[in-house]
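A short worksheet on the structure shown next.
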Amino acid sequence: MTTAIPCSTDSRGAPTQLDLREHSMPAYPQIGLFIGGGWRQTTATTPVLNPADDCEIGRVPRATAADLDDAVAAAVAGFAVWRATSPDARCRIMLRASDLLRERIDEIAHVMTLEQGKPIAQSRSEILRACEIIDWDANEGRRLYGRQIPAGPGMTHIVVREPLGVVAAFAPWNFPISSPARKVAGALAAGCSVILKAAEETPASAVLLARAFQDAGLPDGVLNLVFGVPSEISSHLIASPAVRLVTFTGSVPVGKRLASLAGEHMKPAIMELGGHCPVFVCDDVDVDEVARQSAMVKARNAGQVCVAPTRFYVDRRIHDAFVEAFAHHAATLRIGDGLDPDVTMGPLANRRRLDAMENLVLDAVARGGVAVTGGARHGNRGYFYPMTVLKDLPDDARCMVEEPFGPLALITPFGDLDEAIGKGNALPFGLAAYGFTHDADRVAAMSARVECGNLAINHYTASSAETPFGGVKDSGYGREGGIEGLLCYTSAKNISHLTRPTVHSTR
């Protein structure tokens, strides 16, 4: 049995906000805007829904233009303080915030699962991942070294890295604490201040992240948090002369609009956009083990991951066995409310994703595709959709060219690896890709020819705190993570200094 949180109704039978205290669970926190070190409310709000049962669990405030102006002014003042703070002191504050997140992991994980739907174990893992990112960036911020360039007598060339200034950061709903943490940590470690626009669907996770930094002693204005109408917030912040960098994680269409706005105002940008990740499975692998890993990873976050493996190109000699094994392991997934510790796949995050899955599968089947397992909504309450394995798909099926962003596994046979790589590269996406083989020549071919920002061989970890993450083509530009990501929040200043020539005695 999955855990069901009772949902009260009004006199018309409509769901009302849950009182979680009656069920011995942490209460869903009040959502506010965090500006200049203080929390504030607005009269206009929108509901936050639990995707497991479609009940309202909270309200998120909508920032006004005045709120955004206040956030910009606070970030400007905060930047003046933060850039003058020593890297060592900045590091200590960031590490303290990370420690607080670990101490509060049970509360935060529960809240994250309520608003996003992912299984509680995955929520805990995400919080720990956020802590790893903050820790790494905090320490690496102490090593933002410059360099000295050799020059002639009397001339010195020094290159220093300086923080860009106020960062406008836009984070998604699928990873509501690790994605904001990645943007905030990179900016803070470099000495920047941040205005974070987190997702309105999952606001409490970002609120609890901001509280951790506040309680860790972050100076007022260094981190600000806003919610509201996304298009209004982005156009307002990006146009502000005080904002010096835009960082966004989300869909390709929205990313292109924000990148265009940033370009109009001559702002550098980090764009981490969508993917449609190919997987190349060669015939020299343990078929059942690779299928098991693939099913488990594909189920993570109900497939709502930009680096989720999606298009499986499998050697024709093992294709049928791989399909059968994948379907078997997919059938072992337990679908339900993420608060149930035995659940391994929660609901999709919202009605839009559920509708998208249904439409993509209908199109695939109409074009001759076969649903080996799944293929229809699970239950009639909440946004549950099972792991769906599709085969015999034409290359022009919608799910083969549009990012599904859900639990669809698309399996296609290949006879030649070069052919498979060509198909993998055919789409405009280029975020991540995966390969499974123990043949060095095949590894070399994938490494040289697969067009992506992140290639993983024989495993499914696309990135870590210490490695750069980002895409090519329509999947974006700029990097998060690693020293490459940290440098994106800085500018390089060359200082050349000519001194009076020194007269040397000939005696």
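Check L208 against each of (1) surrounded by 24 or more Cβ atoms within 10 Å (Cβ to Cβ); (2) of a type in the set (A, V, I, L, M, F, W, C); (3) in contact (Cβ under 8 Å) with a residue 60 or more places away in the chain; (4) within 25 Å of H110 (Cβ to Cβ) and name the one condition it does not meet.
Unmet for L208, out of (1) surrounded by 24 or more Cβ atoms within 10 Å (Cβ to Cβ); (2) of a type in the set (A, V, I, L, M, F, W, C); (3) in contact (Cβ under 8 Å) with a residue 60 or more places away in the chain; (4) within 25 Å of H110 (Cβ to Cβ): (1).
I need a count of the residues in segment 109-154 that are touching a strand residue (DSSP E or B) at 6+ places or on another chain (Cβ under 8 Å), of a type in the set (D, E, K, R) and surrounded by 24 or more Cβ atoms within 10 Å (Cβ to Cβ).
1
Given A269, A302, which one is more than 19 Å from N174 (Cα to Cα) and at pLDDT 95 or above? Don't jump to the end; show me each part of the working.
Details: A302 fails: more than 19 Å from N174 (Cα to Cα).
Matching residue, one of A269, A302: A269.
Could you give every pair whose Cβ atoms fall below 6 Å, whose first residue belongs to segment 19-43 and is among the β-branched types (V, I, T), and whose second residue is assigned to a loop (DSSP other than H, G, I, E, B) and modelled with pLDDT of 95 or more, counting only separations of at least 6 or pairs across chains?
Cβ pairs passing all conditions: T42/R62.
Looking at Y460 and the list (1) within 30 Å of A190 (Cβ to Cβ); (2) crowded, with 23+ Cβ neighbours inside 10 Å, which single condition is not satisfied?
Failed condition: (2).
How many of the residues in segment 105-128 are under 16 Å from D54 (Cα atoms) and among the hydrophobic types (A, V, I, L, M, F, W, C)? Don't jump to the end; show me each part of the working.
Restricting attention to segment 105-128, the residues satisfying the condition of being under 16 Å from D54 (Cα atoms) are 111-118.
Keeping just the survivors that are among the hydrophobic types (A, V, I, L, M, F, W, C) gives 111-112, 114.
Residues that pass the stated criteria total 3.
If H157 satisfies all but one of (1) closer than 23 Å to P203 by Cα; (2) in contact with a strand residue (DSSP E or B) (Cβ under 6 Å, 6 or more places away or on another chain); (3) not aliphatic (A, V, I, L, M), what's the number of the condition it fails?
Checking H157 against (1) closer than 23 Å to P203 by Cα; (2) in contact with a strand residue (DSSP E or B) (Cβ under 6 Å, 6 or more places away or on another chain); (3) not aliphatic (A, V, I, L, M), the one that fails is (1).
Please specify each residue of segment 38-55 satisfying the condition of being surrounded by fewer than 16 Cβ atoms within 10 Å (Cβ to Cβ) and either touching a Cys at 6+ places or on another chain (Cβ under 9 Å) or small (G, A, S) (or both).
Across segment 38-55, the qualifying residues are G38, A44, D54.
Quick one: count up the residues across segment 78-108 that are surrounded by fewer than 17 Cβ atoms within 10 Å (Cβ to Cβ), within 30 Å of R59 (Cβ to Cβ) and in contact with a Gly (Cβ under 9 Å, 6 or more places away or on another chain).
Residues meeting the conditions: 0.
Identify the residue in segment 220-230 that is part of a loop (DSSP other than H, G, I, E, B) and surrounded by fewer than 18 Cβ atoms within 10 Å (Cβ to Cβ) and, among all such residues, is farthest from the chain's Cα centre (by Cα). Before you say what the answer is, go through the steps one by one.
First pass over segment 220-230, keeping only residues part of a loop (DSSP other than H, G, I, E, B): 220-222, 227-229.
From the residues that got through so far, the ones that are surrounded by fewer than 18 Cβ atoms within 10 Å (Cβ to Cβ) too are 220, 229.
Numbers: D220: 26, V229: 20 Å.
Going through the qualifying residues, I end up with D220.
Of the conditions (1) within 30 Å of Y383 (Cα to Cα); (2) outside any loop (DSSP other than H, G, I, E, B); (3) modelled with pLDDT of 95 or more, E22 clears all except one; give me its number.
(3)
Between a residue in segment 65-76 that is assigned to a helix (DSSP H, G or I) and any residue that is at pLDDT below 95 and buried (at least 20 other Cβ atoms within 10 Å of the Cβ), which pairs come within a Cβ distance under 8 Å, given they are 6 or more apart or on different chains?
none
For S475, state whether it is over 19 Å from P163 (Cα atoms), at pLDDT below 95 and outside the structural domain of E126 (by TED's automatic domain parsing).
Working: over 19 Å from P163 (Cα atoms): yes; at pLDDT below 95: no; outside the structural domain of E126 (by TED's automatic domain parsing): yes.
So S475 does not fit the description; no.
The values are calculated or read from the model by the stated rules, or taken from the named source; none is laboratory data. In this text, all values refer to a predicted model and were calculated from it rather than measured experimentally. Neighbour counts run over all protein chains shown; Cβ positions are idealised from the backbone, glycine included.
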